Amino acid sequence: MMTALNKEQRITKDIKLVYNFEEKPNLSQLKAHKDRAVISKIKADLVLPNNKILTVDIDFDTTSGYHDNAIMVMDDFGVEMIATAFEVKYGSEHAEKVRDAWAKKRKESSPRKPTYLLVQKPDLNDTVPNVYAACGDEQHPPKKAPASITQSK
């Protein structure tokens, strides 16, 4: 439902943005750039192999206040683009690690391959960025739903 505080923008046939212009305070540790906003949080509805929806809040806020998340990859084409860039800049060994992270389950017991990869900026200019394979390690819904699950690194 669109309200006066919402604006819908169709970027292309399969990308639609809905802006909510309700003013909210910044409760995160993140700071915008002088000439660009930064992403604090993304809410994603994932379509699971059983055709159910799992909603995931992806929170980029950190206690350090440093925003080092650079890329979110969600399909084979994106993975190949990132792997090719890694191959040119860091070598084929690192490109293969990106391809493997996408092509394989993180654990033998994982029900699925990753849904997305997150690439972070390296701490130092000449180091290889961290790549994290995310979502795919658990069956949804779990056989027995816990009261609350909190997991940290």
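For region 76-102, how many residues meet the condition of being among the hydrophobic types (A, V, I, L, M, F, W, C) and either touching a residue at least 12 places away in the same chain (Cβ under 8 Å) or touching a Leu at 6+ places or on another chain (Cβ under 6 Å) (or both)?
Adding up the residues that qualify gives 8.
Output the residue which, of all residues in region 5-41 that are among the charged types (D, E, K, R) and within 18 Å of residue 59 (Cα to Cα), is modelled with the highest pLDDT.
If we take residues in region 5-41 being among the charged types (D, E, K, R) and within 18 Å of residue 59 (Cα to Cα), then 24 is modelled with the highest pLDDT.
Being under 17 Å from the mean Cα position of the chain (by Cα) and either outside any loop (DSSP other than H, G, I, E, B) or at pLDDT below 95 (or both) is true for just one of 88, 98. Which residue is that?
One residue alone meets the criteria, 98.
Sort through 58, 15, 82 and tell me the only one that's of a type in the set (A, V, I, L, M, F, W, C) and within 17 Å of residue 136 (Cβ to Cβ).
One residue alone meets the criteria, 58.
Select from region 65-120 the residues that are closer than 17 Å to residue 39 by Cα and of a type outside the set (A, V, I, L, M, F, W, C) and list them in ascending order.
Result: 65, 66, 67, 68, 69, 116, 120.
Scan region 97-110 for residues that are loosely packed, with under 14 Cβ neighbours inside 10 Å and either of a type in the set (Ser, Thr, Tyr) or more than 17 Å from residue 74 (Cα to Cα) (or both) and report the count.
Total meeting the criteria: 3.
The values are calculated or read from the model by the stated rules, or taken from the named source; none is laboratory data. Here the structure is a predicted model, which is why all the values come from computation and not from measurement. In this analysis, Cβ positions are derived from the backbone assuming ideal geometry, glycine residues included, and neighbour counts consider all displayed protein chains.
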